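The structure under discussion appears below in the form of structure tokens.
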Amino acid sequence: MVIQVLVTAISLFVVGKAATAYVHKRIRIPAFVIWALFWVAIIVVVWQPNLTDRLAALLQVGRGADAVFYLSLVVIFYLLFRIYIRFERIDSHITTLVREIAILNKRVDDTKK
Amino acid sequence: MTRNDKRIFVLLPAYREAGVIGGIVSEIRQRYPHFSIVVIDDCSYDTTAQEAALAGAHVLKHCINLGQGAAVKTGVTFAIQNAADIIVHMDSDGQHVVSEIDLLLNPLLSGKADIILGSRFLANQSNVPTLRRLVLKAGILFTWFFSGLRLTDTHNGFRASTREAAQKIAINENRMAHASEILHEIVRHNLSYVEVPVTVLYTKYSLLHGQKSSNAFHIVTRLLWRKLFLE
Ligand SMILES: Nc1nc2c(ncn2[C@@H]2O[C@H](COP(=O)(O)OP(=O)(O)OP(=O)(O)O)[C@@H](O)[C@H]2O)c(=O)[nH]1
Ligand SMILES: [Mg+2]
């Protein structure tokens with residue numbers, strides 16, 4: 001019971017945060033919907049753990065909890081990968097800027113002389 | 001063509017080389033007065049940039065430390081913008097011998113290849129420490145396996161290329177893996193290359209200051225990651 005209430009509170013808090021972010025136009029509606037659905041799903045599962053058994057049957061793994069665990073891992077790895085790729089792109093953008101600034105500064109210095 | 005009708009640029013990527021960079025720039029100027037010397041200071045927190053400028057180099061400054069690969073790339077862009085015919089890459093920690101620039105330039109000027117690569121193992125004049133020797137030998141095998149080039153050295157920052165070759169070679173690895181990238185680019189663009197024996201000096205300064213051999217793991221993971229996901 002304690003864990004259910006705790007998880008529900010945290011989930012609602014996160015959904016609330018996302019709603020504020022949406023209102024302030026920091027995220028778009030698809031991002032809000034996906035994020036909200038994800039946390040609502042967590043609330044549902046925490047109150048009705050038996051629901052995950054159907055998922056387990058679908059994935060042909062033993063227990064509901066296992067199915068959730070495996071799926072989470074896949075999602076997390078995918079997100080990590082996406083973040084890494086994004087990070088790589090930001091890195092290359094910073095590189096371009098720093099290199100460009102170096103060359104421009106040199107040109108400015110030379111015209112001052 | 002003699003070297004006097006060519007615009008020759010020497011690129012010296014430098015990170016914290018105060019105390020040595022000035023001497024190297026001066027020596028190049030003395031020996032090769034008509035060369036353009038470009039020091040790319042990679043956000044060193046010492047006086048590398050000032051020393052280099054005082055000794056008469058063109059100094060380009062990265063405002064964030066990016067690594068040797070990115071610095072080389074900045075130098076190449078600058079050289080090409082300034083109508084370089086020939087671009088020499090050289091370390092600025094004193095491990096390469098200034099007078100050996102000739103060894104790279106001669107075959108390039110006589111049109112032997114698009115790019116000349118210095119090799120510390122072609123002749124046995126370099127006192128390479130044992131662990132470094134092992135890592136480099138592994139690197140040579142890795143290069144052979146990975147890019148199909150059968151070289152006698154790898155990750156030697158002493159090389160020279162024509163302007164045209166330099167324009168083709170894309171460097172996207174900011175740090176040490178760029179040295180492998182250059183080799184892959186040679187294969188990709190079907191550039192002709194020649195290895196010439198050069199000396200790599202291992203001094204107390206270079207050993208304290210240089211790369212850890214374990215950095216090889218980082219280089220290999222970067223290359224694999226790039227191969228798998230970035231290209
Ligand atoms: N621009 C730039 N240059 C760097 C950086 N790290 C090293 N260098 C320069 O690249 C050259 C080679 O670097 P080293 O660290 O000596 O690497 P190495 O010669 O391959 O390895 P060692 O045999 O251990 O000396 C030197 O001229 C350094 O100043 C960096 O972060 N940025
Ligand atoms: Mg060195």
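The values are calculated or read from the model by the stated rules, or taken from the named source; none is laboratory data. On a predicted model such as this, the values are computed, not experimentally measured, just so you know. Positions of Cβ are backbone-derived with ideal geometry, glycine not excepted, and every protein chain shown enters the neighbour counts. The protein model used for the area step is the full one, side chains on, heavy atoms only, and it has no ligands, DNA or RNA in it. Shrake-Rupley method; radii C 1.70, N 1.55, O 1.52, S 1.80 Å.
Before moving on, here are some points about what is shown:
- With a 10 Å cut-off around each Cβ of B:56-62, the average count of Cβ atoms from other chains is 4.
- For region B:3-230, accessible area per residue (1.4 Å probe, heavy atoms of protein chains only), Å²: 44 Å²
- Oblate is the label for region B:96-231, because a/c, from the alpha-carbon gyration tensor with a ≥ b ≥ c as root eigenvalues, is 1.5 or above and a/b does not exceed b/c.
- Take each peptide in A:39-50, B:71-82, A:24-35, count the other Cβ atoms within 10 Å of every residue, and average; sorted highest first, the result is B:71-82, A:39-50, A:24-35.
- Pair B:Thr221, A:Val2: separation of 7 Å Cα→Cβ label points (nm): 3.9 nm
- Over all pairs of different C-alpha atoms, the protein assembly as shown has a mean inverse distance whose reciprocal, the Kirkwood radius, equals 23.5 Å.
- Excluding ligands, DNA and RNA, the accessible surface per residue across chain A is 79 Å² with a 1.4 Å probe.
- Qualifying GluC sites (Glu not before Pro) in region B:80-177, where qualification requires a DSSP coil assignment and no more than 11 other C-beta atoms within 10 Å, are lacking entirely.
- Over 18 Å (Cα to Cα) - which of B:Lys6/B:Lys112; A:Lys106/B:Lys168; A:Lys106/B:Lys73 fall in this group: A:Lys106/B:Lys168
- If R0 is taken as 45 Å, the Cβ-Cβ distance between A:Ala41 and A:His93 corresponds to a FRET efficiency of 0.80.
- Region B:13-119: C-alpha gyration tensor shape, a/c 1.5 cut-off, then a/b vs b/c: prolate
- Here region B:18-51 and region B:163-231 have alpha carbon centers that stand 22 Å from each other.
- Length gained when the stretch A:Lys113-A:Leu58 is fully extended (0.36 nm per residue, less Cα-Cα span): 12.4 nm
- Taking 7 Å steps out from each Cα toward its Cβ at B:Gln125 and A:Phe77 produces label points 5.2 nm apart.
- Cα gyration tensor, region A:2-81 - rounded (a/c under 1.5), prolate or oblate: oblate
- Backbone amide hydrogens, once placed in the peptide plane, bring B:Arg16 within less than 5 Å of B:Asp42, B:Ser44, B:Tyr45, B:Asp46, excluding anything fewer than 5 places away on its chain.
- In this simple spin-label approximation, A:Val23 and B:Lys112 carry label points 7 Å from Cα along the Cα→Cβ vector, and these lie 7.4 nm apart.
- Protein heavy-atom accessible area occluded, B/A pair - total, 1.4 Å probe, Å²: 1400 Å²
- Region B:83-98-region A:21-43 distance, computed between alpha-carbon centres (Å): 55 Å
- Solvent-accessible area, 1.4 Å probe, carbon plus sulfur percent, for the protein assembly as shown: 63 percent
- log10 of Debye I(q)/I(0), alpha-carbon scatterers only, for chain B at 0.11 Å⁻¹: -0.51
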